[in-house]
Amino acid sequence: MTNDSETRDLRPKPVATVSLPDATAIVDCTSAGFCLVEQSGCVSYVNAAFADALALSPEAIRGKHILRFVHGEDAVVFNKAIADIQEGGRRPSQYDIRLMQPDGQSRWVNASFLQVAGGLSPRILFQIQSTDELKQALATLQKSETRWKYALESAHQGVWDHDFSANDLFYSAHWKAIRGMAADATVDGSLDVWIDNVHPADREHVLECIRRQDQGEVEFNTFQYRERHANGHWVWIESRGASVEWGPDGKPSRIIGTDTDITERKKAEARLEEISRRLRLALDVSKIGVFEANLDTGAVVRDGQLLRIYGLDPATLTQPGAVFEERLHPEDRTAALSRVAEGVASKAPFTNAFRIVRPDGEIRHIRSSSATFTDAEGAHKLIGANWDITEDVALRDELERARQLAEARNLELEAARTRIEYNALHDHLTGLPNRRFLDQRLDDWICEKVAYCAILHIDLDRFKQINDTLGHQAGDAMLVHTAQILSSIVGDSNFVARIGGDEFLVLCDARYSQDEVVILTDQIIDALRQPVPYDGHLCRFGASVGIAWTLDGTADAKQSLMNADIALYRAKGLGRNRYEFFTKQLQTQIHHAKRTADEIVKGLEDGEFVAFYQPQFDARTLDIAGVETLARWAHPLHGLLAPDYFLKIAEDINALTAIDQSIAEQALKDFRHWEMHGLPIPRISVNVSSPRLREPGLIESLKQLGIPRGKLSFELLESIFLDDLDESSSQTLGDLRALGIDVEIDDFGTGHASIIGLMKLNPNRLKVDRALVRPITESAEQRKLVGSIIDIGHSLNIEVIAEGVETIQHAHILRDLGCDTLQGYAFARPMSSSDLRHFVTAGQWREKRQMQGGGQIFRSPKSSQIALLR
């Protein structure tokens, strides 16, 4: 081999030299190779070992330049070694270089260089020791180490090495990655620190495994545990450790192992366990038995549930044998076995159904589902499930019998359905269509399947009296009679239905004119007012009819039905036994009533109902005997309204009690104010409705007011209280008297009260109605009537007040008849509290008293009237 470096000047710089004894014979016998190189770089001597290293003879080497035998890449190293020797004198230096053999192969050697003295100039002694095998071993070791490194990384295993003797704890990068640590992170491997990151539930187990290995009880250790990840969650780790070195005490001094992240495997195991648990639960609940048969060997494995299905006890069964074949019902054996053979041959899933005979002789019905497969070892197998369907078969048979029975009864059920449908659409008493049938007709009308020109809403008059006096059987007879009358008059072209207790409805054919509808209605009213014989009695009742004309197209069927109801309400309110057509005006009145009702409710909330007062005068002295409290509505739009405007509607919406209470509270407040200012008003009276008198808590609320005795009177309507006084009302009146509250009867003489009723009620005062007072100036008989009422009142110790005293003539007559108190426009109109205070303080009755003579008022009616009017 040639090299440009062969021309290098190898002559050394002047250094101290030493003589080398001639030891050629000894050197030739050594195993180390020696080569003596001249200053020119030529080889002057080589021993046998050096020649063997080059695979040449010593003669082939001597005289050649040394660099001819050095690998070209190592020539620089060789020259550096020569330079080092020349600079350092005899101090030897060592280098690894490669020598080249004739066949081109290289051989690693460790070369030592030393400058020696001898001859005319210093020479270089070149000693070599072969390191080729060591180099190859190191390369192999490095390759093996790399291979294991990659293998462990690809297996996702972290390596750890605990060399306790050297106090060296090593952890691979993947070991750290498993725990979320950086590759260059420092690890404190002390047990006390590391164990804190182990899950508390696993620490005892982990410490025990470590103790056993540390004590030398086991050389190889494997355990699983949870360790906290750097991110805070838990990581499942499988740790494997092997003791590789031991100390004098027999305990391991070095343990090497791997850690594997098995978190996902643990999750998969948990999922598998959950699935297995569900499967076991499903099998247990469903009572399905499972088997697996090896088709090659004939071996069969059956679970306990399957054996129990076949009537066998798994605990005592020693030789399962051919359980399936032995238990098959003789009649099903051939078909069942044939089905199994066909299924196995087809290699497709198949089902089977058969009967078995248990050891106790009981016959059970079984269904099975099976499939073939080939396992991992190549064995052909059949897996399947059996379940007992005996109850299902019995239920199926029962259902079949029920189906046959149902079919046998089908005609009867169809007839019953027809009857039910008829009954559902007809009134059971009269046989007429009922409200449900009517709703269907109205729906057909809305869908334009049929058309009608008018709706007649009929309500029987005085029907309740028949029911109450003769009983419900009589009432039922009248309803049947009404249905017959309506059916005969209305005919087949119209629709008639009973929609309530004593209410009927007729839908008139669209071909009828309005006049024809009126004629039809008159016929109905005339026919129903005729007396009906029943059980020796003649029952008389009538009918009120509300008519809604529909051909004008202003309302649909449902609205027309409501319109007819509104018209019926008007007909009954106008005297009954008549008919009324629905009109826009009637609708307006209804809307007005609704609006007024809403305004009444709001007026109560806003305090719009106010108290007005009309003074009452002593008939002989004209002193003020008291005042009557009257309700007025201070309407925000219509001004001051009298009770005639709102009383009926307030009663309909149950607002009378609230109005009474409000007016009474205002009156008591004003009365206390008058007393405080010295106004001579002896007492005050307020009107009380029947609902107010029956209101719970009335007496308690009055007690809280502390009303002085004899200062307050409650005015009750004669038409409501006399002869119709129930026990509760009587108790309330007694409680009122106990509180010192007087009771007055208002509008006396217009009702139908008896003397007995008056005695029973025993009021403090009664007020003769204005309808009786007004005619006394013209009619002597009327004067006698009023005088009789006054006499009756006095005979019962009841004061008498006359209402409606419009003129002085009325006052004279009433005084002469013995009336105690006078009230009317002849003296004063109703007025507000402030006006009353002004009226009283004006002193008009003082003038009136001056006009009296001999204890009589109005000596001259004309002059008295003039005085009054001043």
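The values are calculated or read from the model by the stated rules, or taken from the named source; none is laboratory data. Keep in mind that what you see is a predicted model, and the values were worked out from it rather than measured. Cβ: placed from backbone, ideal geometry, glycine included. Neighbour counts: every protein chain shown. The area values use the complete protein model at the heavy-atom level, side chains included, leaving out ligands, DNA and RNA. Shrake-Rupley method; radii C 1.70, N 1.55, O 1.52, S 1.80 Å.
Computed quantities for the displayed model
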quantity: Acute angle (nearest 10 degrees) that the helix 410-425 long axis makes with the longest principal axis of the chain, alpha-carbon atoms; calculated: 50 degrees
quantity: Spatially near lysine pairs across region 613-761, Cα under 24 Å, sequence gap of 8 or more or different chains; calculated: 4
quantity: Net charge of neighbours whose Cβ lies under 10 Å from the Cβ of His329, counting Lys and Arg as +1 and Asp and Glu as -1; calculated: +2
quantity: Positive-end residue, the chain charge dipole about Cα centroid, Cβ charges, pick of Gln585, Gln136, Leu528; calculated: Gln585
quantity: Sequence-distant lysines (8 or more away, or on other chains) whose Cα lies within less than 17 Å of Lys381; calculated: Lys347
quantity: MRE, 222 nm, helices only [DSSP H, n ≥ 4, -39500 (n - 2.57), over the chain, to nearest 500]; calculated: -13000 deg cm²/dmol
quantity: Cα gyration tensor shape of the chain, rounded if a/c is under 1.5, else prolate or oblate by comparing a/b with b/c; calculated: prolate
quantity: Straight-distance crosslink candidates among lysines, where the alpha carbon sits under 29 Å from Lys449 and sequence neighbours closer than 8 are dropped; calculated: Lys558, Lys584
quantity: Heavy-atom accessible area per residue - the chain, 1.4 Å, Å²; calculated: 54 Å²
quantity: Global geometry of region 542-602, whether rounded, prolate or oblate, following the gyration tensor of its Cα atoms and the 1.5 cut on a/c; calculated: oblate
quantity: Formal net charge of residues neighbouring Ile566 (Cβ-Cβ distance under 12 Å; K, R +1; D, E -1); calculated: +2
quantity: Point-to-point label distance, Gln473-Asp192, nm (Cα→Cβ direction, 7 Å offset); calculated: 10.9 nm
quantity: For Glu421, net neighbour charge (Lys/Arg +1, Asp/Glu -1) across residues whose Cβ lies under 13 Å away; calculated: +2
quantity: On Cα atoms only, tilt of 557-573 relative to the major axis of the chain in degrees; calculated: 30 degrees
quantity: Surface share of carbon and sulfur [accessible, 1.4 angstrom probe, percent] for region 529-645; calculated: 53 percent
quantity: Pairwise label distance in nanometres, Asp556 with Lys594, each label 7 Å out on the Cα-Cβ vector; calculated: 1.6 nm
quantity: Long-range amide H partners of Leu630 with built H, under 5 Å; calculated: Phe612, Tyr613, Gln614
quantity: Cα gyration tensor, region 768-812 - rounded (a/c under 1.5), prolate or oblate; calculated: prolate
